[in-house]
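S.K.: Before we start, here is the structure in question, set down as structure tokens.
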Amino acid sequence: MEFKKSLPVTAVISAGILWGIISVFVRRLSAYGLDSLQIVFVRMIVAAPLFAFAVALKDRKKMKIKLRDLWMFIGMGIVSIVLFNICYFYTMVHSQASTAVVLLYTSPIFIMLLSAVLFRERITAVKLTALAMTVFGCICVTGMSGGFNVSPLIFLIGTASGLFYGLYTIFGRYALEKYPPLTVTAYAFIFGLIGISPICHPVSAVKIHMENPELLLWSVEIGIVCTVLPYFLYTWGLNKTESGKASVLVAVEPLVGAVIGMTLWHESHDIIKIIGIVLILGAILVLNIKRSTSAR
């Protein structure tokens, strides 16, 4: 029983881990000449058909949605996924990856406030403690404890990525009240693909892939490893836990990014970064200890 209760938490954390390794793929795709819009397109063109196929394979009836519910999927696909990815990748490419991650993880603040207003979720002392630990942990992990030396434009776009990232959780909660997780995720990416295609110069992206056949493997991998698997895990876990809690649990993402930076790219591993890692892990433990105590 306890194992089953921990599965949603494990799913959300696993999603954060898989998202945390995305910079490896973004750097590779960018090095071949793809811009941030085209990288988003690559994710969508791989993920959308796979999600739709998975739903159809399981039960084709689950692909049916009501017209009055389209706003949920348009919100998730175009507002959340497309705009979030554009802002996040733009910040990552035109600034430092650490800056992009710190600004992205303003999202738990937006989620917690919106969840309190829309879903009447309580803002408890435990949640606030975990949120504070997460925010300060992200700042330490990404080496930004000395201040944000970024332009106003980068700051605005980076913070917008946090807002749009958080809105995926909000739109998702509405959609999950009516549809199963796989259906929700499939339509989110279908509308995401529809939204990104007209503005990303897809012909140019295809040409780059034709000139560099080895790039196809990287594109498939970012679509499956960093998109299909984590979005399914997060949506499923979100369906079985509170939005505010999920937003903090998934903050394992910058922790993973920091570990990759220290091991693969030989970034600094000073005491401040180690403290940040401990704070993020501590936030996850605080939420889980509270959850286990309530269950008992």
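S.K.: Given the conditions (1) open to solvent by 60 Å² or more (accessible area, probe 1.4 Å); (2) within 26 Å of VAL93 (Cβ to Cβ); (3) in contact with a helix residue (DSSP H, G or I) (Cβ under 9 Å, 6 or more places away or on another chain); (4) not hydroxyl-bearing (Ser, Thr, Tyr), which single one is not true for VAL206?
M.R.: Here VAL206 meets the rest and fails (3).
S.K.: Taking region 87-141 only, how many residues are buried (at least 16 other Cβ atoms within 10 Å of the Cβ), of a type outside the set (Val, Ile, Thr) and part of a helix (DSSP H, G or I)?
M.R.: The total comes to 25.
S.K.: Only one residue in VAL9, VAL46, VAL26, VAL40 is more than 16 Å from the chain's Cα centre (by Cα), crowded, with 19+ Cβ neighbours inside 10 Å and of a type in the set (A, V, I, L, M). Which one?
M.R.: VAL46
S.K.: Could you list, ordered by first residue, the pairs with Cβ atoms under 8 Å in which the first is in region 65-79 and under 15 Å from GLY166 (Cβ atoms) and without any contact (Cβ under 8 Å) to a residue 24 or more places away in the chain and the second is in a helix (DSSP H, G or I) and open to solvent by 60 Å² or more (accessible area, probe 1.4 Å), at least 6 apart or interchain?
M.R.: none
S.K.: Mind checking which residues of region 158-183 are at pLDDT below 90 and β-branched (Val, Ile, Thr)?
M.R.: The answer is THR159, THR169.
S.K.: Pairs only if they're at least six apart or on different chains, beta carbon under 8 angstrom, first in region 230-252 and at pLDDT 80 or above, second open to solvent by less than 10 Å² (accessible area, probe 1.4 Å) and not in a helix (DSSP H, G or I); list them, first residue then second.
M.R.: From region 230-252, the pairs are TYR234/VAL250.
S.K.: Would you confirm whether any residue within region 193-200 is surrounded by fewer than 24 Cβ atoms within 10 Å (Cβ to Cβ), of a type outside the set (A, V, I, L, M, F, W, C) and outside any helix (DSSP H, G or I)?
M.R.: Checking region 193-200: not a single residue is surrounded by fewer than 24 Cβ atoms within 10 Å (Cβ to Cβ), of a type outside the set (A, V, I, L, M, F, W, C) and outside any helix (DSSP H, G or I).
S.K.: Checking the condition farther than 16 Å from ALA100 by Cα and modelled with pLDDT of 90 or more, which residue from ALA56, ALA47 passes?
M.R.: When all the criteria are applied, what remains is ALA47.
S.K.: Are any residues in region 147-187 open to solvent by less than 40 Å² (accessible area, probe 1.4 Å) and more than 25 Å from VAL102 (Cα to Cα), and if so, which ones?
M.R.: The answer is ALA175, LEU176, TYR179, PRO181, LEU182, THR183, VAL184, THR185, ALA186, TYR187.
S.K.: Give region 209-223 a look and list any residue that's surrounded by 16 or more Cβ atoms within 10 Å (Cβ to Cβ) and either of a type in the set (Gly, Ala, Ser) or out of contact with any Phe, Trp or Tyr (no Cβ under 7 Å at 6 or more places or on another chain) (or both), or say none.
M.R.: HIS209, SER219, GLY223
S.K.: To continue, here is another question. Any idea which of (1) within 14 Å of the chain's Cα centre (by Cα); (2) surrounded by fewer than 23 Cβ atoms within 10 Å (Cβ to Cβ) is the one GLY20 doesn't satisfy?
M.R.: Every listed condition holds for GLY20 apart from (2).
S.K.: When region 224-251 is examined, which residues are found to be surrounded by fewer than 23 Cβ atoms within 10 Å (Cβ to Cβ), β-branched (Val, Ile, Thr) and closer than 23 Å to LEU285 by Cα?
M.R.: Result: THR241, single match.
The values are calculated or read from the model by the stated rules, or taken from the named source; none is laboratory data. Just so it is clear, the model here is predicted, and its values are computed rather than measured. Quick reminder, even Gly has a Cβ in these numbers, built from the backbone with ideal geometry, and neighbours come from all protein chains shown. Surface accessibility is based on the protein's heavy atoms, side chains included, excluding ligands, DNA and RNA. Shrake-Rupley method; radii C 1.70, N 1.55, O 1.52, S 1.80 Å.
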